[in-house]
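To start, the structure under review is shown below, and the notes come after it.
Only the coordinates and a few stated rules stand behind these numbers; no lab work does. Computed from a predicted model, the values in this text were never measured in an experiment. Cβ: placed from backbone, ideal geometry, glycine included. Neighbour counts: every protein chain shown.
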Amino acid sequence: MASAFHAAAITISMVCFCHTVTAAPNATNFESSALSWDPRLNPSVGNGYLATTVYSDTVYVSGIFNGRGTKTPSQRARIPSTAAIVVRTNLTSNATMEMFSLNVEQGVFYHRLLVDNFTLEQRIYAHQVHQHLLVTEIALQNDMRDTVSLSLTNVFGPPSADIEFQREDFPRRSQNDPKINAMSGYIRITEEPDSRREGVAVVWGDVPPRLLINPSPQTQTFYFLTAIATSLDADDFVKSAHEAYTIAMDQPEELLAGHVQAWKELWDDGRIEVEGNLTLAQTISGSLYYTLSSLRPSWIFGLSPGGLATNGYDGHVFWDQETWMFPPLVLLHQDLARTCLAYRFERLQAAEDKAKKFGFQGAMFPWESALTGSEVCPGEIYSDYEQHIIGDIAFAVKQLWMASGDQQWLEHQAFPLIRATAEFWASRAVYNDSKKAYVIYNVMPPDEDAEVVNNSVYTNTIAKMNLEFAYEALPNASESWKTIAQNMYVPFDVTNNYHPEYEGYNGIEVKQADVILLGFPLMVAMSLDVRRSDLNFYEPRTNPRGPAMTKSMFAVNWLDVGEYARAEKSFNASYVNAKEPFMVWTEGADGGEL
């Protein structure tokens, strides 16, 4: 590195430790003396454009997928990490202290090592302002008598099977500048036959295999940057990545402060604070952090259940976006809530194409979608029959409208979504003479273990609500929507005073919260007796190893009917899926998808 570069590093880093040192674990700082035994449970850093699990060999960019539709299927394209720098030293001492921490308030992962009078602090973050940047900073202070040797290993991993990368060459601006590495390439397989092959460029600096740190009272800081750009945001994405890298390297010592300030402003916009229960407080802070680090207002490529740092569920967007991750955004970060629904709006044509393919009108949103909005679910039974997602999207639109009152958004994006989804249900429901009601046959409910059924209580109810909202909100709404909604068949067992999950349901175990969602979040008008009866019936019949969201739904519903002890039990069980020490969620309490 150039001497001028060293001088800049030393000057800024003299205040660096004072700026970043954090106290014991608190609501926004998760600490551990070791990383997780399961690499998937290690923390991630992201900014909504790109993300990575720390020390993993993979980076993902939101919107970059490889694979053909439902066949391969389309999944997040792996970019080999150039930012997974593992630092080791041969120093040994009884006074060694090592700590790994994720500070979600700052959006920074820290690795700290103290051996006698030698101190190391590694900081890893995805820059919140400069979306193309992944940053690793290594701050070192050697108050020992001898030179300390550090080994640095970049966990690049195998070549990407998704992107055909080739090396790029950039001339150095001066002889003293560190070498710049670069690679670029295109995905191998497009999502649709006529889709464009998206390109990715990665630019990064050399990582020396060894650093020799001479004794000094001053702190030396070394900066290792990765810049990634894609054809989704720049025609000349190689140039874009190179510019992002070189601009950042001109003043790398200023990157951290700008990043931390941006995260502060994000949290100031909306957060949830809890006192008296550290685990709960960390669970909430961690959940919001992993959500916020997977979205940015200017980048409209959806929110996957596993976040941006993993390829869980191939990075696809499900009903989870609108049903499970959307509600806190509506209240705390409405710009990001709009981004989620903008993802649906921009892919409305693909949903209309799917409806036509199945012989329906309006929009039939896919059960799983990725880049284009076409169906990418590898399981045909889900893609063909799990249609409640269409109503789930409309319900999310209603939530945002009621919370924001944004008339311009309503007219330009919400109206088309509301109309298209209502048109779908109007063509999907059929009148049954014997029931004297509209019915919906051959659907898969949220309880996917039931497979294909007739008249799913949840599906019929969300369809009814979709039609009602469309009739109330839209100018020139069809009278047929009101008629169908008023006469929608919703199974109910008068004798036992509860809602059977679907027509012919015989009381077998259910996979996850389904019928109880009528009480919350749908808030369907019903007596407390019926609501309590539904809860009493389904709680012992719900798979205890099912998806993470079920217990929280029982908790809210038990609260609403005044069963506080049962609500507390469900509530305490609702966040055991957040795995310590870094509060990474798994779908099942005993593991499963992230």
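Taking Cα atoms only, the orientation of helix 334-346 departs from the longest principal axis of the chain by about 70 degrees.
Remark on V584: its backbone amide H falls under 5 Å from those of K579, a criterion applied only to residues 5 or more positions apart or on other chains, H modelled at 1.01 Å from N. What separates the Cα centres of the range 239-261 and the range 111-145 is a distance of 16 Å.
The spacing between the range 500-570 and the range 438-491, judged by their C-alpha centroids, is 20 Å. With neighbour counts taken as other beta-carbon atoms within 10 Å, the residues D392, D206 rank, fewest first, as D206, D392.
Assuming a ≥ b ≥ c are the square roots of the Cα gyration tensor eigenvalues, decide whether the range 189-302 counts as rounded (a/c under 1.5), prolate (otherwise, with a/b larger than b/c) or oblate. It comes out oblate by the Cα gyration axes. Based on the alpha-carbon gyration tensor of the chain and its eigenvalue square roots a ≥ b ≥ c, which shape applies: rounded if a/c is under 1.5, prolate if not and a/b is larger than b/c, or oblate? Prolate shape, in that a/c is at least 1.5 and a/b is the bigger ratio.
Pop the C-beta distance of K356 and K264 into the FRET formula with R0 = 56 Å and round what comes out to the nearest 0.05. With a Förster radius of 56 Å, E is 0.70.
Residues whose amide H comes within less than 5 Å of that of L91, counting only those at least five positions distant or on another chain, are absent (H built at 1.01 Å from N in the peptide plane). Applying both filters, DSSP loop and at most 13 other Cβ atoms within 10 Å, to the trypsin sites (Lys or Arg not before Pro) of the range 27-107 gives K71.
Lys and Arg at +1, Asp and Glu at -1: add these up for the other residues within a Cβ distance under 10 Å of V561 and post the number. Around V561, the charge tally is -1.
For chymotrypsin sites (Phe, Trp or Tyr not before Pro), the sites in the range 476-559 that DSSP calls loop and that have at most 15 other Cβ atoms within 10 Å are F492.
Amide H contacts of Q75 (H built 1.01 Å from N, in plane; Pro and chain starts excluded): N66, G67 sit under 5 Å, all sequence-distant by 5 or more or on other chains.
Within the same chain, lysines fewer than 8 places from K464 are excluded, and of the rest, those with a Cα less than 29 Å from its Cα are K354, K356, K357, K398, K435, K436, K482, K511, K551. The packing ranking of peptides 517-525, 58-66, highest mean first, is 58-66, 517-525, where packing means the average number of other beta carbon atoms within 10 angstrom of each residue.
Computed from backbone phi, the HN-Hα couplings of the range 516-529 come to 5, 5, 4, x, 8, x, 5, 6, 5, 5, 7, 6, 4, 5 Hz, rounded to whole numbers (Karplus: 6.51 cos²θ - 1.76 cosθ + 1.60, θ = phi - 60°; Gly and Pro given as x). Binning the C-alpha pair distances of the range 69-143 at 10 Å intervals from 0 yields a P(r) profile of 15, 37, 25, 15, 6, 2 %, listed from the shortest bin outward. The slack in the chain from L35 to Y431, taken as 0.36 nm per residue of separation less the alpha-carbon distance, amounts to 136.7 nm. When the alpha carbon gyration tensor of the range 171-247 is reduced to an equivalent ellipsoid, its three semi-axes come out at 35, 13, 10 angstrom, largest first. Computed from the Cβ-Cβ distance with R0 of 35 Å, the FRET efficiency linking F156 to N543 stands at 0.30. Mean projected area of the Cα convex hull of the range 438-594, taken over all directions, amounts to 10.9 nm².
Computed from backbone phi with θ = phi - 60° and the Karplus coefficients 6.51, -1.76 and 1.60, the 3J(HN,Hα) list for the range 152-160 is 10, 10, 8, 7, 6, x, x, x, 5 Hz; x is used for glycine and proline.
Given axes a ≥ b ≥ c from the Cα gyration tensor, I'd like to know whether the range 28-74 is rounded (a/c under 1.5), prolate (a/b larger than b/c) or oblate. The shape class here is prolate. Put in order of Cβ neighbour count within 10 Å, fewest first, the listed residues H130, H412 become H412, H130.
Within the set of other residues whose C-beta is less than 13 Å from the C-beta of N42, count the net charge using Lys and Arg as +1 and Asp and Glu as -1.
Neighbour charge sum, excluding N42 itself: -1.
A simple spin-label model places the labels of S478 and L114 6.9 nm from each other, with each point 7 Å out along Cα-to-Cβ. The base-10 log of I(q)/I(0) for the range 445-520, evaluated at q = 0.19, 0.23 Å⁻¹, reads -0.81, -1.02 [Debye formula, identical scatterers on Cα atoms, solvent excluded].
Ranking F109, F65, P215 by how far each Cα lies toward the positive end of the dipole of the chain (charges on Cβ) leaves P215 at the top. Among the GluC sites (Glu not before Pro) in the range 147-230, none sits in a DSSP loop with a Cβ that has at most 10 other Cβ atoms within 10 Å. Its Cα gyration tensor gives the range 287-428 an equivalent ellipsoid, and the semi-axes of that ellipsoid, as √(5λ) in whole Å with the largest first, are 22, 19, 11. What the Cα atoms of the range 359-480 give is an Rg and a Dmax of 14.7, 44 Å.
Tell me the angle of helix 237-250 to the major Cα principal axis of the chain, expressed in degrees between 0 and 90 and rounded to the nearest ten. Helix 237-250 sits roughly 50 degrees off the main axis of the chain.
Per residue, the convex hull spanned by the alpha carbons of the range 124-279 comes to 211 Å³.
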